[in-house]
Ligand SMILES: Nc1ncnc2c1ncn2[C@@H]1O[C@H](COP(=O)(O)OP(=O)(O)OP(=O)(O)O)[C@@H](O)[C@H]1O
Ligand SMILES: [Mg+2]
């Protein structure tokens, strides 16, 4: 199942992400796709804030990822932009970001099947400079959490 929403500001995208975050559990993996500048990091920032992350949530484009302490949960934020497939050795570097964390993965295509089960797939797209489409594929209960408060 999926829902499609349109947001008209970064704040609205963060608010959608925050609603999704409320339905997530430790161990969940959320992929966040979309072209350059579509708003992937903005989405992860909104979700992370809602999970209690106080640190600045910035793009990990020049590192593999960041790990944040939220409110009773650890949050991982990975960016696989530089990856072209994930070798076993590279997977060893990535594995610590998963497990009991809630993990958000930008540019997940590079990981292929290696990510395992994904709780939600988010795809952002440009409409114009301030508008973005957000398509979220997830289970019915999680989508109900996203839609609540629209
Ligand atoms: N409705 C919107 N939702 C999200 N971001 C928006 C929106 N409107 C404008 N923006 C702007 O678009 C940019 C999105 O940047 P962001 O770093 O989140 O994108 P990204 O997809 O992570 O990029 P990259 O591919 O470089 O990782 C920001 O400058 C943000 O302010
Ligand atoms: Mg980004």
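The numbers here are math on the coordinates, done by the rules we state, and not lab data. Since the model is a prediction, treat every value here as computed from it, not as a measurement. Note that we place each Cβ from the backbone using ideal geometry, even for glycine, and neighbour counts take in every protein chain shown.
Could you identify which residue out of 94, 51, 80 has the top mean-square fluctuation in a GNM of the chain using Cα springs shorter than 10 Å?
Result for the chain, Cα springs under 10 Å: 94 fluctuates most.
Compute the acute angle (0 to 90°) between the alpha-carbon long axis of helix 10-22 and the principal axis of greatest extent of the alpha-carbon atoms of the chain; round to the nearest 10°.
Tilt of helix 10-22: around 70 degrees.
With springs only between Cα atoms under 10 Å, which of 87, 59, 48 fluctuates most in a Gaussian network model of the chain?
Taking springs between Cα atoms under 10 Å, the residue moving most is 87.
Ratio of segment 1-80's C-alpha Rg to 2.2 N^0.38 Å, to two decimals?
This ratio for segment 1-80 stands at 1.04.
Tell me, what is the Rg over Rh of the chain, with Rh the Kirkwood radius over Cα pairs? Could you put the intermediate results ahead of the total?
Details: Rg = 14.2 Å, Rh = 15.2 Å.
With Rh from the inverse mean 1/r over Cα pairs, Rg/Rh is 0.93.
Ranking 62, 104, 43 by Cβ neighbours within 10 Å, fewest first, what do you get?
62, 43, 104
Kindly express, to the nearest 10 degrees and within the range 0 to 90, the angle between helix 40-50's C-alpha long axis and the longest C-alpha principal axis of the chain.
80 degrees
Test of understanding: ordering 135, 44, 146, 105 by Cβ neighbours within 10 Å, fewest first, what list do you get?
Working: 135 15, 44 31, 146 23, 105 28.
Least to most surrounded, the residues fall as 135, 146, 105, 44.
Report the residue, chosen from 58, 13, 31, that carries the largest GNM mean-square fluctuation when the chain is represented by alpha-carbon nodes joined by springs under 10 Å.
Evaluated over the chain, the most mobile residue of the options is 58.
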